[in-house]
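The values are calculated or read from the model by the stated rules, or taken from the named source; none is laboratory data. Note that this is a predicted model, so its numbers are computed, not measured. With ideal geometry, Cβ positions are generated from the backbone for all residues, glycine too; neighbour counts draw on all protein chains shown. Heads up: the accessible areas ignore ligands, DNA and RNA and are worked out on the full protein's heavy atoms, side chains in. Shrake-Rupley method; radii C 1.70, N 1.55, O 1.52, S 1.80 Å.
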Amino acid sequence: MMEMSLSADKAYHVGLVAYYENKFQHAFLWFLYTLNTLTEYSTTNKKDLLHYLSLSAYRFGSQHVAIHFCQQLLNLDPTNDEVKVQLSLYRHHHFMRTSNSDIFTLNTESSKYEALCRGEVDERTSRRQRALSCRYSTGGGNPRLMYAPVKEEVEWDEPRIIRYHDIISDREIEILKNISRPLLSRSVTKGGISKIRTSQSVFLEEGNTVVARVNQRIANITGLSMESAEHLQVQNYGIGGRYEPHYDAEDNENERIATFLIYMSDVEIGGATVFPKVGVSLKPKMGSAVFWYNLHKNGNVDLNTEHAGCPVLRGNKWVANKWIHEFGQEFRRPCSLSYWE
Ligand SMILES: O=C(O)CCC(=O)C(=O)O
Ligand SMILES: [Fe+2]
């Protein structure tokens, strides 16, 4: 196998991107890699690199590391007054205490999410595995599914996450992609365009027969009313595209009671849907869908349903979201007054 390693210049570039996204610990580690792999052929300027090494250490809260690299910069450029000022600032500045001042060990708040995305966590212990099962389902006796039951697999017990296999054909997927492509635009979150959600998406209205058919199928499978559901949202992620940990629902009236997420592609590497609070990772499988309730029966957000779409590392990811709301489900998923459910 060919040995692949990232050049110093490319690593420097990655470091800069991380730095300007305020991910200082990541940035620092990329800059450190750059420093260790720098050769006479590299175009990266060593002074710039040392400057960013000290800055990212400073921003991360590691005073001695910031001073160390600032000192190295001064050795290389002894007459630079700006660096002298910087160094004295570092020496006298009151540093913010961070939860982890060991800069070499990645330990950020999002570490569980990242570890899940790297495939390093699997909470599916054998005890837990035994609680999981698969079966053919008729959506609770829905006549439309009596002779064509769907393959249902329990992916997780709490929160209950169900995977439905082969619920949409390759042909239907192709049609949905084709009608979406010219309409896609940068996805937004509640606050508008955001670095935490880097994908393109479009809401598709029911006018198209395939869209209407897919919506009807979701109603059949889940047994829920589509009365207050949002339009089907097709979403496409390119390389690096992701959606960082978030909840689909908030504490408002008529919230997103459930999410039905259809995978319209496989992803070669990356792109899993992960639930950091419980440690579950769902691999996109074209033609399958996953379903979960975002709300407890008492209407509160189920805090374990926090989830993310991991960065796509290789390939291209297509999904379609159907967000189903509370209104209309009163008799289909009765509410509970209990604090616990
Ligand atoms: O792409 C995924 O795997 C998750 C998408 C998601 O969570 C969303 O769009 O709300
Ligand atoms: Fe989501």
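For the condition under 26 Å from residue 196 (Cβ atoms), of a type in the set (Asp, Glu) and in the same structural domain as residue 76 (by TED's automatic domain parsing), residue 40 does not qualify. Within region 224-233, the presence of at least one residue that is closer than 28 Å to residue 326 by Cβ, within 16 Å of ligand 2 (Cβ to nearest atom) and surrounded by 21 or more Cβ atoms within 10 Å (Cβ to Cβ) is confirmed. Pairing each residue of region 195-223 that is farther than 18 Å from residue 167 by Cβ with any residue that is acidic (Asp, Glu) and open to solvent by less than 80 Å² (accessible area, probe 1.4 Å), provided the two are 6+ apart or on different chains, yields C-beta distances under 9 Å for 195/21; 195/244; 196/244; 197/244; 203/230.
Residue count for region 108-127 satisfying the condition of being in a loop (DSSP other than H, G, I, E, B) and in contact (Cβ under 8 Å) with a residue 24 or more places away in the chain: 7. A count restricted to region 289-330 and to residues that are more than 16 Å from residue 201 (Cα to Cα), in a strand (DSSP E or B), open to solvent by less than 10 Å² (accessible area, probe 1.4 Å) and more than 12 Å from ligand 2 (Cβ to nearest atom) stands at 3.
The residues of region 302-312 that are more than 17 Å from residue 157 (Cα to Cα) and either touching an Asp or Glu at 6+ places or on another chain (Cβ under 8 Å) or away from ligand 1 (no atom under 14 Å from the Cβ) (or both) amount to a single one, 308. Of 181, 197, 135, all but one fail to be open to solvent by 80 Å² or more (accessible area, probe 1.4 Å) and within 26 Å of the chain's Cα centre (by Cα); the exception is 181.
Candidates in region 243-282 are the residues that are of a type in the set (Ser, Thr, Tyr) and either in a strand (DSSP E or B) or within 14 Å of ligand 2 (Cβ to nearest atom) (or both); of these, the one that is surrounded by the fewest Cβ atoms within 10 Å (Cβ to Cβ) is 247.
Which of (1) in contact with a Cys (Cβ under 7 Å, 6 or more places away or on another chain); (2) open to solvent by 40 Å² or more (accessible area, probe 1.4 Å) does residue 54 not meet, given it meets every other one? Only one criterion is unmet by residue 54, namely (2). The strands (runs of 3 or more DSSP E) found entirely in region 128-200 include none that carry 2 or more residues being in contact with a Gly (Cβ under 7 Å, 6 or more places away or on another chain).
Could you check, for region 261-270, whether at least one of its residues is away from ligand 1 (no atom under 14 Å from the Cβ) and farther than 30 Å from residue 141 by Cα? Scanning region 261-270, I find at least one residue that is away from ligand 1 (no atom under 14 Å from the Cβ) and farther than 30 Å from residue 141 by Cα, so the answer is yes.
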